[in-house]
Amino acid sequence: MRRPRSLLSVAVTVFILLLSAVTAGEVPGTADDVRGNGRCHALVLLYHRIAISTPDEPAALRSNTVSPRAFAAQMQYLHDQGYPIVSYGQVVSCLADGVPLPKYAIVITFDDGYRGSYRHALPVLMKYGMTATFFVATSVVDSGTELTWEQVKDLDAKGMTIGSHSRSHCYLTGVYETVLIREIEESKRIIESHLGKPTEFFAYPFGDANKRVIEAVRKAGYLSARGTNRTEFGRQENAFMVASVGVGDSLPGLIKIVKRCYP
């Protein structure tokens, strides 16, 4: 006769199942999210500030900064090695409709709307015929050190994709419902009013999201949302938690990320 399982063994089994879901990139409680079919493999690179850091800057700012020279070298490497640079929208089409991606696909994204992404990154992207997605927090546009709306319009005109990074770049999981809706919906309306076209993609500030935030993004009419630093291996499974990897200020660092994703 089989012996009844102890409470400890049941608890261990449940823990293992939950751990397996998390390490596979699942977000608990999002069973209704758009998921891929296992064939959506794309390495999504995340940049913040393209500029020259100074020693007196806060450590957090320096850690999110890539020098113009390093960025140019990184893009030249991707170009020279023949990696196909695809749009963020192509990844979403793969997840939603099964549209295949090219082998070794790489996506380039920028967060926060730093002006250096226009001044330093855009010319390099144009040089190599690359596309990228720029997620902007609307309250800081035209604030002095960030992008201007004219620059955002020019990015769009040059074939780049503009997405929302919320209104004020706050931790969305910790705000009241009214604030959450305003952060997500108002930023979408503002961008659309300047560009005259739908804003379809969102990036969670700080990668901070839960079931409530994801559902609010979906209800606002976005087609997808990007997270941060979830994997370096490029397997995309969830259109509302697209995995990305932050890039540091060195060419060897980028090469390491790419080789881990595409050995």
Checking Ser20 against (1) surrounded by fewer than 11 Cβ atoms within 10 Å (Cβ to Cβ); (2) out of contact with any Pro (no Cβ under 8 Å at 6 or more places or on another chain); (3) at pLDDT 50 or above; (4) at negative phi: exactly one of these is not met. Which one? (3)
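Being over 12 Å from the mean Cα position of the chain (by Cα), at pLDDT below 95 and not hydrophobic (A, V, I, L, M, F, W, C) narrows it down to one of His169, His194, so name that one.
After ruling out the rest, the residue left standing is His169.
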Can you find a residue that is under 18 Å from His165 (Cα atoms) and either in contact with a Gly (Cβ under 8 Å, 6 or more places away or on another chain) or not acidic (Asp, Glu) (or both) anywhere in region 95-103? no
Could you tell me which residue of region 140-164 is nearest to Tyr114 (Cα to Cα), considering only residues that are under 17 Å from the mean Cα position of the chain (by Cα) and either assigned to a helix (DSSP H, G or I) or of a type in the set (Val, Ile, Thr) (or both)? Ile162
Filter result (of a type in the set (A, V, I, L, M), out of contact with any Ser or Thr (no Cβ under 8 Å at 6 or more places or on another chain) and at pLDDT 95 or above) within region 53-90: Val66, Ala72, Ala73, Met75, Leu78
Provide a single number: the residues in region 39-67 that are part of a strand (DSSP E or B) and under 18 Å from His169 (Cα atoms). 4
Among the residues listed as Glu215, Glu186, the single one being touching a residue at least 40 places away in the same chain (Cβ under 8 Å), surrounded by fewer than 18 Cβ atoms within 10 Å (Cβ to Cβ) and part of a helix (DSSP H, G or I): Glu186
Where the second residue is surrounded by fewer than 17 Cβ atoms within 10 Å (Cβ to Cβ) and of a type outside the set (S, T, N, Q) and the first is on the phi < 0 side of the Ramachandran plot and outside any loop (DSSP other than H, G, I, E, B) and lies in region 165-178, which pairs have Cβ atoms under 6 Å and are six or more apart or on separate chains? Leu172/Asp208; Thr173/Asp208
In region 228-263, anything under 16 Å from Ile108 (Cβ atoms), assigned to a loop (DSSP other than H, G, I, E, B), at pLDDT 90 or above and small (Gly, Ala, Ser) is listed as Ala243, Ser244, Gly248
Do you know which of the residues in region 119-137 that are in a loop (DSSP other than H, G, I, E, B) and of a type in the set (Gly, Ala, Ser) is surrounded by the fewest Cβ atoms within 10 Å (Cβ to Cβ)? Gly129
Which residue, of Thr138, Thr145, is hydroxyl-bearing (Ser, Thr, Tyr) and without any contact (Cβ under 8 Å) to a residue 40 or more places away in the chain? Thr145
If we ask which residues in region 88-118 are assigned to a strand (DSSP E or B) and among the small types (Gly, Ala, Ser), their number turns out to be 1
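Applying the selection to region 237-263, what residues are closer than 15 Å to Gly89 by Cα and touching a helix residue (DSSP H, G or I) at 6+ places or on another chain (Cβ under 6 Å)? Before the answer, list the steps.
Initial filter on region 237-263 (closer than 15 Å to Gly89 by Cα): 237-244.
Residues satisfying the conditions are Ala239, Phe240.
The values are calculated or read from the model by the stated rules, or taken from the named source; none is laboratory data. Computed from a predicted structure; not experimentally measured. Virtual Cβ from ideal backbone geometry, glycine too; neighbours counted across all protein chains shown.
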